[in-house]
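What follows is one structure encoded as C-alpha cells, with my remarks underneath.
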Amino acid sequence: MLTNHNEKGMYSFNIDRFYQNYLKGPKLFKNREALEPSFIPDELPHRNLEIEKIAGITACALKGDVPPNFLCYGMTGTGKTATVRYISQKLAQHCSNKPPWWVYINCTVVSTPYRILAHIYNTIVGKEKIPSTGLPKDVILKKLLGLFDQHIKDSICFLVLDEIDILIEKKGGNEILYNLTRLNENLDQCRTSVIGISNKLKFMEFLDARVTSNLGEEEPIVFHPYDANQLYDILKLRAEVAFKEGVIDDGVIKLCAGLAAKEHGDARKALQLLRKAGEIAECNQTKKIMENHVEKAQKDIDKDHIVEYIFSMPLQAKLTLMAIFLLSKFTKEHIIITSGDIYEVHSELAQIIPNVKQLTHRRISDYINELALSGLITAVTKSMGHYGRTKIVKLDIEFNLIERVLSQVKKIKEYRLMDYKPIILQTDKVKIKNMVFKKLI
Ligand SMILES: Nc1ncnc2c1ncn2[C@@H]1O[C@H](COP(=O)(O)OP(=O)(O)OP(=O)(O)O)[C@@H](O)[C@H]1O
Ligand SMILES: [Mg+2]
C-alpha cells in the first residue's frame, strides 16, 4: 500500500503518506515502556523462590545490620537484574528510617577497576567528582572509604556488580573484588554488602580463592530458565500494562511465549518479540496484534541477530565472509565456490588492507567451519579424487542483508572492497605465485 514503484519502475517509499496513515490508524499501546528491559513490573511471576531467598538474606538491613555478600547466577533473561532491582525497591518501602543505599554497577559498561571505584564515588556524591582516568587506584579507594563514612554514615550501602564475570576477566579484576568485599574492615560507620550477578555459570572458577570465600558466605541464588507456560504468565501481565484492552488475544501471547521458550527460556527475548509484534501491527494499522505479526517480528529479530553477530566477528572472519560474498556477487549462482577460491580471494583482500596477515589454507578452513556453524553459510566437504578434498560453500542468508552489513564494516568501507572484483574472476588477468600479470591475448 505504501510501497510504490515510480514511473521508472523503481521502488519508492512515500513517507508523508506513511505518517498520515499511521496517525489515522488505531493506537494499540497504552504504555510502551512496560515492554522495555529497564521497566520493573509490580510483580515478578515465577521468581518467588529467588525473591524469598534474597529477601531473607537482605532483611537484616531493615534493622541496620549488614547483610552478607552473595551471588546470583543463571542464564540470560532469567530475571536476575529485575529481581535485584525489585528487592531494592521493596526494601526501601519497608524501611522506617534511613533506607539502604544502592550503587548499581553494570560491569559491561563500567568495566575497569579504576572506573568502578570512580563510578561508586560519583554515584554517592551525585556528581562527576572523580575523573574517569588519572588518580592512582589506592588514592581513590582511600577517598571512597572516607566518603562512605561521611556521606552514608551508619547506613548500609549495597554494591551491585552486574555482569561481574566481565570484571573478573579484566586485569586487576580479582583484586578490586577482594577490596570491595572487604570494605567493612576499613570502615568506621557505614557498612557495605556486595551482590554479584552473572550469566556465566562457570565464572566462579576464575575467582581467586580469597574472593570466593568473601563472596560465597551464602549459597548462590540460581535462576532457572522459564518454560513456555511461565513465559506466558510473564507476558500476559506485561501485555495488560502495555497494550490497550482487547488488542491482543491469549493465543498470540502463547505463540510469543512458545517461540521464546525454544530459545533458552529468555524473558527478555519474549518481551522483545511481543513489543516488535505490537509495533508491526501498529504500522500495518490493524486493530489487533495477530499471529502473522509475531511471525514477522521473529524474522526481524533473527535478522538483527545476524547483523550483531557479523559485527562482533574478528576482522579475519569478516574478510573470509567478504571473500565468499565477492565470489557470490561476481559469479552466476550456479558457479561453485570452493575453499581454494575463498583462500585466493582472502589473500587478495589481505594484501589490500595494511597490517592484515595472509592466512594459511588451514586457518581459512577453520573460519569456513565457524561461519557454517553460525548458519551464515553452508559448507559441504567433497572429495576431488587425487586432488584431495575441498569444501563447497554457499551463502545461507539473504544476499541483500549480508551486503548491507559488510558495507558498514570500517575496513571494508575504507578500502572500498564492496566493488572489488577478485583477480581470479577477472578474465584479462592471471595470478602466478602471488604476482598478477595481464594476459597477452
Ligand atoms: N519473572 C519475571 N516477571 C516479569 N518480568 C520478568 C521476569 N523475569 C524477567 N523479566 C523481564 O525480562 C527482562 C530480562 O530480565 P533481566 O534483565 O532481569 O534478565 P537477566 O537475568 O538479568 O539477564 P542477563 O543475564 O542477560 O542480564 C526484563 O525486562 C525483566 O523485567
Ligand atoms: Mg541482567
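Which whole number in µm²/s is D for region 176-240 by Stokes-Einstein, with the Kirkwood Rh taken over Cα pairs at 10 °C and 1.306 mPa s? Intermediate values should be presented prior to the final figure.
On the way: Rh = 14.9 Å.
For these conditions, the coefficient is 106 µm²/s.
Please give the helix 228-242 orientation as an angle from the longest Cα principal axis of the chain, in degrees from 0 to 90, rounded to the nearest 10.
Helix 228-242 and the main axis of the chain meet at about 80 degrees.
Please go through region 26-134 and write out the GluC sites (Glu not before Pro) that DSSP classes as loop and that have at most 15 other C-beta atoms within 10 Å.
On the way: sites: Glu33, Glu43, Glu50, Glu52, Glu128; in loops: Glu43, Glu128.
Sites meeting the loop and neighbour criteria: Glu43, Glu128.
Using the Cα centre of the chain as the reference point, and only Cβ charges (+1 on K/R, -1 on D/E), how large is the resulting charge dipole? Debye, rounded to the nearest 20. The partial results should precede the final answer.
On the way: 62 positive and 53 negative charges, 351 e Å.
Roughly 1680 debye for the chain.
Note the direction-averaged projected area, equal to a quarter of the hull surface, for the Cα convex hull of the chain, in nm². Walk me through the numbers before you get to the answer.
Values: hull surface 121.3 nm².
That works out to 30.3 nm², a quarter of the Cα hull's surface.
Using only the Cα atoms, what convex hull volume per residue in Å³ does region 238-287 have? Provide the component values of the computation, followed by the final result.
Working: hull volume 3.5 nm³, N = 50.
Expressed per residue, the convex hull around the Cα atoms of region 238-287 is 70 Å³.
Could you tell me how far the Cα centroid of region 58-114 sits from the Cα centroid of region 310-354, in Å?
That distance is 48 Å.
Grab the beta carbon distance between Asp396 and Glu33, set R0 = 41 Å, and tell me the FRET efficiency rounded to 0.05. Could you put the intermediate results ahead of the total?
On the way: r = 37 Å, r/R0 = 0.90.
E between Asp396 and Glu33, to the nearest 0.05, is 0.65.
Given 10 Å bins starting at zero, what is the percent of C-alpha pairs of region 313-438 in each, up to the one with the largest pair distance?
12, 47, 36, 6, 0
If you build a Gaussian network model of the chain, linking Cα atoms that sit under 10 Å apart, which residue out of Phe13, Phe223, Phe399 swings the most?
Phe13
Report, ordered by chain and residue number, the lysines lying within cross-link reach of Lys202, taken as a straight Cα distance under 17 Å and ignoring same-chain residues fewer than 8 apart.
Correct list for Lys202: Lys80, Lys170.
In region 48-223, what is the volume of the convex hull around the alpha carbon atoms, normalised per residue and reported in Å³?
On the way: hull volume 19.1 nm³, N = 176.
Spread over its residues, the Cα hull of region 48-223 gives 109 Å³ apiece.
Which value in Å does the Kirkwood hydrodynamic radius of region 85-178 take, with 1/r averaged over all unlike C-alpha pairs and then inverted?
Values: mean 1/r = 0.0708 Å⁻¹.
Taking the inverse mean of 1/r over all distinct Cα pairs, region 85-178 comes out at 14.1 Å.
Expressed in nm to one decimal, what extension gain is obtained for the pair Asn106 and Gln89 from 0.36 nm per residue of sequence separation less their Cα-Cα distance?
Details: separation 17, 0.36 × 17 = 6.12 nm, distance 1.80 nm.
So the extension gain works out to 4.3 nm.
May I ask you to derive the relative contact order of region 313-438, considering only C-alpha pairs under 8 Å and at least 6 residues apart, and to give it as an integer percent? Walk me through the numbers on the way to the answer.
Numbers: 137 pairs, mean separation 32.9, N = 126.
Computed value for region 313-438: 26 percent relative contact order.
Let me check against my output: what whole-number percent is the relative contact order of the chain, with C-alpha pairs under 8 Å and at least 6 apart? All intermediate terms of the calculation are to be shown ahead of the outcome.
Details: 609 pairs, mean separation 67.4, N = 441.
Taking the mean separation of contacting Cα pairs over the length of the chain, I get 15 percent.
What nm value, rounded to one decimal, do you get for the distance between Lys142 and Ile352 when each label is placed 7 Å out toward the C-beta?
5.6 nm
I need the calculated FRET efficiency for the pair Lys410 and Asp304, taking r as the beta carbon distance and R₀ as 22 Å, to the nearest 0.05.
Numbers: r = 20 Å, r/R0 = 0.91.
Efficiency, rounded to the nearest 0.05: 0.65.
If packing is taken as the average count of other Cβ atoms within 10 Å, what order do 274-284, 61-71 fall into, highest mean first? Working shown, then result.
Working: 274-284: 21.5, 61-71: 17.5.
Highest to lowest by the protection proxy: 274-284, 61-71.
Using only Cα atoms, tell me the angle between helix 113-125 and the longest principal axis of the chain; keep it within 0 to 90° and round to the nearest 10.
Relative to the chain, helix 113-125 is tipped by roughly 50 degrees.
Using 0.36 nm per residue, how much length does the chain from Met10 to Glu52 gain when fully extended, once their Cα-Cα distance is taken away?
Details: separation 42, 0.36 × 42 = 15.12 nm, distance 6.07 nm.
Residue separation times 0.36 nm, minus the Cα-Cα distance, leaves 9.1 nm.
Given R₀ = 56 Å, FRET efficiency for Lys236-Asp149 by Cβ-Cβ distance, to 0.05?
Details: r = 47 Å, r/R0 = 0.85.
Efficiency at R0 = 56 Å is approximately 0.75.
Can you show me the helix-derived [θ] at 222 nm for the chain, built from DSSP H runs with n ≥ 4 at -39,500 (n - 2.57) apiece and divided by the number of residues, rounded to the nearest 500.
Details: 17 runs with 205 residues, N = 441.
Rounded to the nearest 500, the figure is -14500 deg cm²/dmol.
Angle, helix 137-147 long axis vs. longest principal axis of the chain, Cα atoms, 0 to 90°, nearest 10?
40 degrees
Write down the Å³ per residue value for the convex hull defined by the alpha carbon atoms of region 1-133. Each step should come with its number before you reach the end.
Numbers: hull volume 33.9 nm³, N = 133.
In region 1-133, the Cα convex hull volume per residue is 255 Å³.
Give me Tyr73, Tyr226 sorted ascending by neighbouring Cβ count inside 10 Å, so fewest comes first.
Numbers: Tyr73 21, Tyr226 26.
Starting with the residue having the fewest Cβ neighbours, the order is Tyr73, Tyr226.
Coordinate-derived values only; no laboratory data. Source: prediction; values computed, not measured. Here the Cβ is made from the backbone with ideal geometry for all residues, glycine too, and neighbour counts use every protein chain on show.
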